[in-house]
Amino acid sequence: MSGVMINPGSGPVSGEISWDNAYENIRAYIADCEIPMRIVRSEHDDDDGRYLFVLRNDEYDYQTEVEMPGLPLDKVRYVKGDKRNILDFPRLYVDGGSWIWYIGTVKKEVVKETLEERAEEMSEKLERISEQLKELEGK
């Protein structure tokens with residue numbers, strides 16, 4: 001009986017692991033994101049062959065954490081239409097979720113949804129503040 005593969009590529013990464021590889025990879029990842037991102041923090045110690053990078057976009061006040069495999073870029077970057085076997089590529093961890101490269105890059109739609117949620121929360125908070133002001137004015 002054969003086992004079922006769940007999230008192939010999500011385990012420890014082995015091979016030519018280095019922080020320099022991970023840094024080159026995160027720069028390529030940033031170039032593939034749909035909004036500009038910059039590195040605000042990185043950790044030089046690997047965790048099962050991955051290195052942590054915190055990325056930020058100030059315009060949209062958006063931040064994400066990426067655990068990038070420290071393998072050479074051609075062994076990590078799988079893009080849509082790539083003819084190589086997707087199962088041969090390690091996963092990136094983006095905000096704790098396991099993703100293959102092209103799906104895990106920052107998309108405009110994700111940032112838009114985040115901003116919409118934030119706007120709704122702020123609207124509700126502003127409504128509560130307005131009610132509190134009315135209460136205070138009535139006393």
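Structural remarks
- For segment 75-88, the count of residues that are in contact with a helix residue (DSSP H, G or I) (Cβ under 9 Å, 6 or more places away or on another chain), buried (at least 16 other Cβ atoms within 10 Å of the Cβ) and over 19 Å from G15 (Cα atoms) is zero.
- Residue in segment 9-22 that is part of a loop (DSSP other than H, G, I, E, B), touching a residue at least 40 places away in the same chain (Cβ under 8 Å) and within 30 Å of R118 (Cβ to Cβ) present: yes
- Tally, over segment 65-92, of residues that are under 17 Å from M37 (Cβ atoms) and touching a residue at least 60 places away in the same chain (Cβ under 8 Å): 1
- Per the conditions (1) in contact with a Lys or Arg (Cβ under 7 Å, 6 or more places away or on another chain); (2) outside any helix (DSSP H, G or I); (3) not aliphatic (A, V, I, L, M), the sole criterion not satisfied by E65 is (1).
- A Cβ distance below 6 Å, combined with a sequence gap of six or more or placement on separate chains, defines the contacts here; from segment 101-117, residues that are under 15 Å from I26 (Cβ atoms) reach residues that are assigned to a helix (DSSP H, G or I) in the pairs T105/D32.
- Residues (hydroxyl-bearing (S, T, Y) and more than 15 Å from V94 (Cα to Cα)) located in segment 18-45: S18, Y23
Readers should treat all values here as calculations from the given coordinates under stated rules, not as data from a laboratory. The structure presented is a predicted model; accordingly, all values stated were derived computationally and were not measured. Note that we place each Cβ from the backbone using ideal geometry, even for glycine, and neighbour counts take in every protein chain shown.
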